[in-house]
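The values are calculated or read from the model by the stated rules, or taken from the named source; none is laboratory data. None of these values were measured; they are calculated from a predicted model. Glycine gets a Cβ as well: all are built from the backbone with ideal geometry, and neighbour counts include every protein chain shown. These area figures cover heavy atoms from the full protein model, side chains too; ligands, DNA and RNA do not enter into them. Shrake-Rupley method; radii C 1.70, N 1.55, O 1.52, S 1.80 Å.
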Amino acid sequence: MKFGVLYGIGVGPGDPELMTLKGARVLQGCHHVFVPKARSENGSIALAIAGRYLRADSLIHELVFPMSDDSGELSQHWAQAARSVSDVVGMGEDACFLTLGDPLLYSTYIYLVRSLREKLPGLDVVTVPGITAFSAAAALAEFPIGEGRQRVVIIPASDDLDVIGEALAGGGTLILMKLGRRLNKVVDFIEQAGFLDRAVYVARAGLDGQQVEADLRKLRRQEQAADYLSILLVHTGV
Ligand SMILES: C[S@@+](CC[C@H](N)C(=O)[O-])C[C@H]1O[C@@H](n2cnc3c(N)ncnc32)[C@H](O)[C@@H]1O
């Protein structure tokens, strides 16, 4: 039997109008829709963004990908997700997998496709790109990402501040993602390095609770915990 096609659709960072026409069209054509979420009791952000483009008879399959650093726990969830998707495409049915932002930038979709290719060699996969969170953040903050020959470095916030220090020394623009609880530490580091006034913070771009902050000192006075869905953009001035 011929396998169904897996469509990986980037739904953009939050505003449903930032989902592409192609993403919406492909989603309309799929009965089986797989959506990622971080906890079984939470909703899927990607589904909330794309909800208006679902067809009436869409069958939603929720896949839990916990936010964990435990590689054993993560690989169990990835394997379960791959089984669920392969049960559908293995029967010849097409399926969509929705993902926040772009599917090929720090997304569980990457692991999913890798596992599926092992299980179902020859599976057709079509990836529909999405607007990344950093593009939306830059637009909200009117922050040019790169000009002329400037380099642009994306760093998934690491606890290793040396990585950020080296990037700052290297010049260009830094895009810091996955900050979460590390935010204050990273902001302190950027201040010590002398770049605080060249940085902006954007949280929950296009979602409820959106925040765009050019004065990073204010973040320290903020009561609520740093949002996982947040980005720092830093110009080094070189
Ligand atoms: C797992 S990565 C997903 C990246 C996504 N695939 C993309 O193309 O932007 C999650 C990180 O993306 C960023 N992010 C995603 N959505 C965001 C939003 N609406 N506002 C701000 N940052 C967001 C945050 O840095 C978050 O920690």
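For segment 109-157, what are the residues that are open to solvent by less than 50 Å² (accessible area, probe 1.4 Å), under 30 Å from residue 30 (Cα atoms) and not in a helix (DSSP H, G or I)?
120, 123, 125, 128, 130, 132
Got a number for residues in segment 88-119 being farther than 23 Å from residue 49 by Cα and either in contact with a helix residue (DSSP H, G or I) (Cβ under 6 Å, 6 or more places away or on another chain) or of a type in the set (S, T, N, Q) (or both)?
Going residue by residue through segment 88-119, those that are farther than 23 Å from residue 49 by Cα are 88-93, 114-119.
Going one step further and asking which of them are either in contact with a helix residue (DSSP H, G or I) (Cβ under 6 Å, 6 or more places away or on another chain) or of a type in the set (S, T, N, Q) (or both), we end up with 115-116, 119.
Of the residues in segment 88-119, 3 are farther than 23 Å from residue 49 by Cα and either in contact with a helix residue (DSSP H, G or I) (Cβ under 6 Å, 6 or more places away or on another chain) or of a type in the set (S, T, N, Q) (or both).
For the structure I just gave you, tell me whether residue 1 is surrounded by 13 or more Cβ atoms within 10 Å (Cβ to Cβ) and not hydroxyl-bearing (Ser, Thr, Tyr).
Values: surrounded by 13 or more Cβ atoms within 10 Å (Cβ to Cβ): no; not hydroxyl-bearing (Ser, Thr, Tyr): yes.
Here the answer is no, as residue 1 does not meet what is asked.
Can you find, within segment 64-89, the residue that is farthest from residue 208 (Cα to Cα) among those that are in contact with a strand residue (DSSP E or B) (Cβ under 8 Å, 6 or more places away or on another chain) and at pLDDT below 95?
At the first step, the residues of segment 64-89 found to be in contact with a strand residue (DSSP E or B) (Cβ under 8 Å, 6 or more places away or on another chain) are 64-65, 77, 80-81, 84-85, 88-89.
Within this subset, residues satisfying the condition of being at pLDDT below 95 are 64-65, 77, 80-81.
Working: 64: 22, 65: 22, 77: 28, 80: 31, 81: 28 Å.
Across segment 64-89, the extreme among qualifying residues is 80.
Could you grab me the full set of residues in segment 8-53 that are under 17 Å from the mean Cα position of the chain (by Cα) and of a type in the set (Ser, Thr, Tyr)?
20, 44, listed by residue number.
Identify all residues within segment 6-43 that are surrounded by fewer than 21 Cβ atoms within 10 Å (Cβ to Cβ) and either among the hydroxyl-bearing types (Ser, Thr, Tyr) or not assigned by TED's automatic domain parsing to the domain that holds residue 60 (or both); write none if there are none.
20, 40 - these are the residues of segment 6-43 that are surrounded by fewer than 21 Cβ atoms within 10 Å (Cβ to Cβ) and either among the hydroxyl-bearing types (Ser, Thr, Tyr) or not assigned by TED's automatic domain parsing to the domain that holds residue 60 (or both).
Could you give me the residue pairs with C-beta distances under 8 Å whose first residue belongs to segment 3-25 and is within 16 Å of residue 61 (Cβ to Cβ), whose second residue is open to solvent by 30 Å² or more (accessible area, probe 1.4 Å) and polar (S, T, N, Q) wherever it lies, and which are 6+ apart or on separate chains?
7/127; 8/127
Within the set of pairs 6 or more residues apart or between chains, which connect a residue that is outside the structural domain of residue 45 (by TED's automatic domain parsing) inside segment 200-213 to a residue that is more than 8 Å from the ligand (Cβ to nearest atom) and part of a loop (DSSP other than H, G, I, E, B) with Cβ atoms less than 6 Å apart?
Note: pairs meeting the criteria are 200/143; 200/214; 201/216; 206/15.
State whether one or more residues within segment 139-148 are modelled with pLDDT under 95 and of a type in the set (A, V, I, L, M).
No: segment 139-148 contains no residue that is modelled with pLDDT under 95 and of a type in the set (A, V, I, L, M).
Please identify the pairs in which a residue from segment 99-121 that is outside the structural domain of residue 51 (by TED's automatic domain parsing) has its Cβ atom under 9 Å from the Cβ atom of a residue that is open to solvent by 30 Å² or more (accessible area, probe 1.4 Å) and part of a loop (DSSP other than H, G, I, E, B), counting only partners at least 6 apart or on another chain.
Within 9 Å, no pair qualifies.
If a residue has to be assigned to a loop (DSSP other than H, G, I, E, B), touching a residue at least 60 places away in the same chain (Cβ under 8 Å) and touching a Leu at 6+ places or on another chain (Cβ under 9 Å) to count, how many in segment 214-238 make the cut?
The total comes to 3.
Quick check on segment 92-108. Is at least one of its residues of a type outside the set (Lys, Arg), in contact with a strand residue (DSSP E or B) (Cβ under 9 Å, 6 or more places away or on another chain) and part of a helix (DSSP H, G or I)?
First, the residues of segment 92-108 that are of a type outside the set (Lys, Arg): 92-108.
In the following step, the residues that additionally are in contact with a strand residue (DSSP E or B) (Cβ under 9 Å, 6 or more places away or on another chain) were identified as 93-108.
Checking which are part of a helix (DSSP H, G or I) leaves us with 108.
For segment 92-108, residues of a type outside the set (Lys, Arg), in contact with a strand residue (DSSP E or B) (Cβ under 9 Å, 6 or more places away or on another chain) and part of a helix (DSSP H, G or I): present.
With (1) without any contact (Cβ under 8 Å) to a residue 40 or more places away in the chain; (2) farther than 21 Å from residue 100 by Cα; (3) buried (at least 20 other Cβ atoms within 10 Å of the Cβ) as the list, and residue 190 as the residue in question, which single condition is left unmet?
(1)
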